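Visitor: Have a look at this one before I ask anything.
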Amino acid sequence: MEIGLQLTMLSQETKKIQPSNTLILKIGTRNFSFLLVKSSDKKILDFYEHNYENHLDESDISKELNIKLSSFLKNYSNVSNIKLIINNKLSTLVPKTLFDEKVSLEYLKYDVKLLKNDVASYDNIEEIEAVNVYLPFINVNNYLIDNFGSFDYYHYSTLFIKKSIKSAIGNNNYTCLNFREDCFDMAVLKNDHLLFHNSFEYKAKEDVLYFIINSFQQNKIKLKKNIFYVSGNFNDDILQFLKKFHKNINFTDERTDWKSENQYIDHIMLCV
């Protein structure tokens, strides 16, 4: 399985470490999540999350990462594997037959405001014969190279799509709704084929319903025949509200408690 452009450059000051634990980082402009797991069995050892009230400038993300990670990870030598999940909306799916790595940025220009120095990366999604093209956080990549050497990185939507396809095997009409921070992800599948995927920002439960109905109508997909599976970090009022308009809804309990029932670990972080 080929996911992400694997960074193998080593800095001159790369620390000598022994295989032990895996550090999973989910980085966005409004949220940092760190998950330390045992490499052998993925047992959760520690977890940290910080949400920002406003979006960070991309140039400030690596500075904040250094501050937060230095506090979270007291012993860098206890980490052997680094997995980075890029949590932004700067991505697009391209059929594998049409993909050309040399012009990766071209696929993004209609959906993303590109800057002169932007560099595109991509994940292969073999299950749907597609490529997920996206903009990584270059300053974050550089920071991790300097501090850890090599690491793997992935786009959040890649992991969500792959998990949705795996969950939908054997179901004819299947929709995954995954809630996180201030948005939710949606994947509609039929006979193990992805029909639709997108992420939507929302403020109220009515926004969620609007985006769902509009997505089905625009793509001419029959809503009534779909089984909805809801996961992620959301208020139960949303689930009850959706059940008034669509009866075939199941709640997938992906919540992972750590230290207190008020903390939530994004289950997508455990997919890497």
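The values are calculated or read from the model by the stated rules, or taken from the named source; none is laboratory data. None of these values were measured; they are calculated from a predicted model. Ideal geometry is used to build each Cβ from the backbone, glycine not excepted, and the neighbour counts take in all protein chains shown.
Visitor: Do we have any residue at all in segment 178-199 that's under 20 Å from Ile125 (Cβ atoms) and surrounded by fewer than 13 Cβ atoms within 10 Å (Cβ to Cβ)?
Guide: So far as segment 178-199 goes, yes, one or more of its residues are under 20 Å from Ile125 (Cβ atoms) and surrounded by fewer than 13 Cβ atoms within 10 Å (Cβ to Cβ).
Visitor: Using beta carbons and a limit of 7 Å, which pairs, at least six apart or on different chains, have the first residue in segment 33-57 and part of a strand (DSSP E or B) and the second one surrounded by fewer than 13 Cβ atoms within 10 Å (Cβ to Cβ)?
Guide: From residues that are part of a strand (DSSP E or B), the pairs are Val37/Lys43; Leu45/Lys38.
Visitor: Ile169 - would you say it is surrounded by 15 or more Cβ atoms within 10 Å (Cβ to Cβ), within 28 Å of Tyr122 (Cβ to Cβ) and β-branched (Val, Ile, Thr)?
Guide: Working: surrounded by 15 or more Cβ atoms within 10 Å (Cβ to Cβ): no; within 28 Å of Tyr122 (Cβ to Cβ): yes; β-branched (Val, Ile, Thr): yes.
Considered against the rule, which asks whether it is surrounded by 15 or more Cβ atoms within 10 Å (Cβ to Cβ), within 28 Å of Tyr122 (Cβ to Cβ) and β-branched (Val, Ile, Thr), Ile169 comes out as no.
Visitor: Okay, next question. With respect to the numbered conditions (1) at pLDDT below 90; (2) within 18 Å of the chain's Cα centre (by Cα), which one is the sole condition not fulfilled by Ser11?
Guide: Among (1) at pLDDT below 90; (2) within 18 Å of the chain's Cα centre (by Cα), the lone unmet condition for Ser11 is (2).
Visitor: Look through Asp60, Asp41 and report the one residue that is surrounded by fewer than 17 Cβ atoms within 10 Å (Cβ to Cβ), at pLDDT 90 or above, charged (D, E, K, R) and farther than 23 Å from Glu129 by Cβ.
Guide: On the way: Asp41 fails: at pLDDT 90 or above.
When all the criteria are applied, what remains is Asp60.
Visitor: Ok, one more. Hey, does segment 142-158 have a residue that's free of Cβ contacts under 8 Å to residues at least 60 places away in the same chain and closer than 16 Å to Cys271 by Cβ? Reasoning before the result, please.
Guide: Step one: filter segment 142-158 for residues free of Cβ contacts under 8 Å to residues at least 60 places away in the same chain, giving none.
No, that holds for no residue.
Visitor: For segment 107-115, indicate whether the set of residues that are under 16 Å from the mean Cα position of the chain (by Cα) and not polar (S, T, N, Q) is non-empty.
Guide: Within segment 107-115, the subset under 16 Å from the mean Cα position of the chain (by Cα) is none.
No.
Visitor: State the number of residues belonging to segment 148-167 that are under 17 Å from Gly232 (Cα atoms), among the hydrophobic types (A, V, I, L, M, F, W, C) and more than 11 Å from the chain's Cα centre (by Cα).
Guide: Within segment 148-167, residues that are under 17 Å from Gly232 (Cα atoms), among the hydrophobic types (A, V, I, L, M, F, W, C) and more than 11 Å from the chain's Cα centre (by Cα) number 1.
Listed here are the residues, each with its yes/no results for (1) over 20 Å from Pro136 (Cα atoms); (2) loosely packed, with under 13 Cβ neighbours inside 10 Å; (3) of a type in the set (Phe, Trp, Tyr); (4) not assigned by TED's automatic domain parsing to the domain that holds Ile138.
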{"residue": "Lys68", "(1), (2), (3), (4)": "no, no, no, no"}
{"residue": "Ser80", "(1), (2), (3), (4)": "yes, no, no, no"}
{"residue": "Ile85", "(1), (2), (3), (4)": "no, no, no, no"}
{"residue": "Leu98", "(1), (2), (3), (4)": "yes, yes, no, no"}
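Visitor: Hey, can you tell me all the residues within segment 108-127 that are in contact with an Asp or Glu (Cβ under 9 Å, 6 or more places away or on another chain) and over 19 Å from Gly28 (Cα atoms)?
Guide: Listed by number, the residues that qualify are Asn124, Glu126, Glu127.
Visitor: Applying the selection to segment 69-97, what residues are among the basic types (Lys, Arg) and touching a residue at least 24 places away in the same chain (Cβ under 8 Å)? Give the steps one after another, and end with the answer.
Guide: Of segment 69-97, the ones among the basic types (Lys, Arg) are 74, 83, 89, 96.
Result: Lys83, Lys89, Lys96.
Visitor: Give segment 44-55 a look and list any residue that's within 15 Å of Val79 (Cβ to Cβ), of a type outside the set (Ser, Thr, Tyr) and within 20 Å of the chain's Cα centre (by Cα), or say none. Can you show your working first?
Guide: Taking segment 44-55 as the starting set, the residues that turn out to be within 15 Å of Val79 (Cβ to Cβ) are 44-48.
Right, trim to of a type outside the set (Ser, Thr, Tyr) and you get 44-47.
Of everything in segment 44-55, those that are within 15 Å of Val79 (Cβ to Cβ), of a type outside the set (Ser, Thr, Tyr) and within 20 Å of the chain's Cα centre (by Cα) turn out to be Ile44, Asp46, Phe47.
Visitor: Sticking with this one: Are any residues in segment 111-135 touching a residue at least 60 places away in the same chain (Cβ under 8 Å) and either under 21 Å from Leu65 (Cα atoms) or in contact with a Gly (Cβ under 7 Å, 6 or more places away or on another chain) (or both), and if so, which ones?
Guide: If the condition is that a residue be touching a residue at least 60 places away in the same chain (Cβ under 8 Å) and either under 21 Å from Leu65 (Cα atoms) or in contact with a Gly (Cβ under 7 Å, 6 or more places away or on another chain) (or both), then Ser121, Asp123 are the ones that fit.
Visitor: With the structure loaded, tell me whether Ile227 is over 20 Å from Ile125 (Cβ atoms), outside the structural domain of Lys89 (by TED's automatic domain parsing), surrounded by fewer than 17 Cβ atoms within 10 Å (Cβ to Cβ) and of a type outside the set (D, E, K, R) or whether it fails that test. Quick ask: steps written out before the conclusion?
Guide: Numbers: over 20 Å from Ile125 (Cβ atoms): yes; outside the structural domain of Lys89 (by TED's automatic domain parsing): yes; surrounded by fewer than 17 Cβ atoms within 10 Å (Cβ to Cβ): yes; of a type outside the set (D, E, K, R): yes.
Yes; evaluated as a whole, the condition is true for this residue.
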